[in-house]
Structures are given as structure tokens and as C-alpha cells.
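The values are calculated or read from the model by the stated rules, or taken from the named source; none is laboratory data. Predicted model, so just to flag it, every value in this text is computed and none were measured. Here the Cβ positions follow ideal geometry from the backbone for every residue, glycine too, while neighbour counts run over all protein chains shown.
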Amino acid sequence: MGLEKANVLKITPIQAVKATGTWTFLNALTTGLTLIIGTETYQADADSAGVTTGNIAFATGLGATSSTSTIDSLVACINTSGTICTAVTGATGRVLTVESLIGGIGGNFHCSGSLTGTWTTTSLVGGVDGTAGSVAVDGSYLYFTKSDKNWYKVTGTLI
């Protein structure tokens, strides 16, 4: 009875990647215009009184008519009221970058709207599913994936 050399499964784990998209502000906003990301509609309004039921209002009044302050208002709105993505402004202040909150192709949300700007594509893109439901080993560790499709390494001490 002796020990035999075991074959080691070599894996190349794929981490889930979040989809992103870029919207560029072109002109001053008009109250009532919308930006749609997936199932969420953001609507420009000076005082939220004229916002369509179900839409999420963001400010256009009190100095928010410039491109920088309007985008800042929209970013704040997406990051505090939105449930499917986060947003940041670009270095120029005229660009909005949106990232899905979930990794994988499920975050490749459709984008549209009537705001005075343009999307680089009609959807958030680049979402990649990770490898899900897998278990693998190498010379030192056990690895597994959960429903979020990311790889986890098991560490510990043999007893």
C-alpha cells in the first residue's frame, strides 16, 4: 500500500464581468426628457412635480442647466435611487459612465431616452458570465463557484 501521484485538474477560472456604457451630454436639458437604463427611467425636472409616475426625477433647475451640474445631478440620482447600476462622471464633466450592479450578461441592459445626449451603444455592454457551479483543485487549494459565478478559494488546515 502506498501513495500514488494524483492528476491535478488545471482550471482557468472566469470571473463575472460587469457591463458598462457611456452617455455623452450634448446640450442643455429640457424638463420632461428621459434617460432609460434597463427597467429604470430617469426624468429631468426642476421640482419633481411633473415627473411621470414610476420615473425617477433628477434636478435640472437652480444651476443644474449646465452640462456638468446636470450630469452630477443625474449621477447622484442613479447612485441613490437606482437599483440596477451605478454611475460616475468622466474627466470632462460631459460624460456619464454607467456600470451594472451585477456581473454577467444579465447586466447588459438596454439604454435609450430622449435626453440631449448619445449612448456609445444601445445597451450596457461587456458583461461576461463567470464559470458557475464548478469545483476544481490544484496542488494546494480547492476552488468552487457559487450562484454569483465568481471563483472562491478554500483555505484551511487539515486535521
*List every residue pair whose Cβ atoms sit under 7 Å apart, with the two residues 6 or more apart in sequence or on different chains, where the first one lies in segment 36-61 and is under 23 Å from HIS110 (Cα atoms) and in contact (Cβ under 8 Å) with a residue 24 or more places away in the chain and the second, anywhere, is assigned to a strand (DSSP E or B) and among the acidic types (Asp, Glu).*
ILE56/GLU40
*Filter segment 63-77 down to the residues that are outside any loop (DSSP other than H, G, I, E, B) and exposed (fewer than 15 other Cβ atoms within 10 Å of the Cβ), then identify the one that is modelled with the highest pLDDT.*
ALA76
_Evaluation of THR83 against (1) in contact with a helix residue (DSSP H, G or I) (Cβ under 7 Å, 6 or more places away or on another chain); (2) at pLDDT 80 or above; (3) within 23 Å of VAL125 (Cα to Cα) (one fails), failing number_ = (1)
*asked:* Could you check segment 102-131 and list, in sequence order, the residues that are part of a strand (DSSP E or B) and either of a type in the set (Phe, Trp, Tyr) or at pLDDT 90 or above (or both)?
replied: TRP119, VAL125
*For residues that are within 10 Å of the chain's Cα centre (by Cα) and of a type in the set (A, V, I, L, M), scanning just segment 95-116, find the one that is surrounded by the most Cβ atoms within 10 Å (Cβ to Cβ).*
VAL98
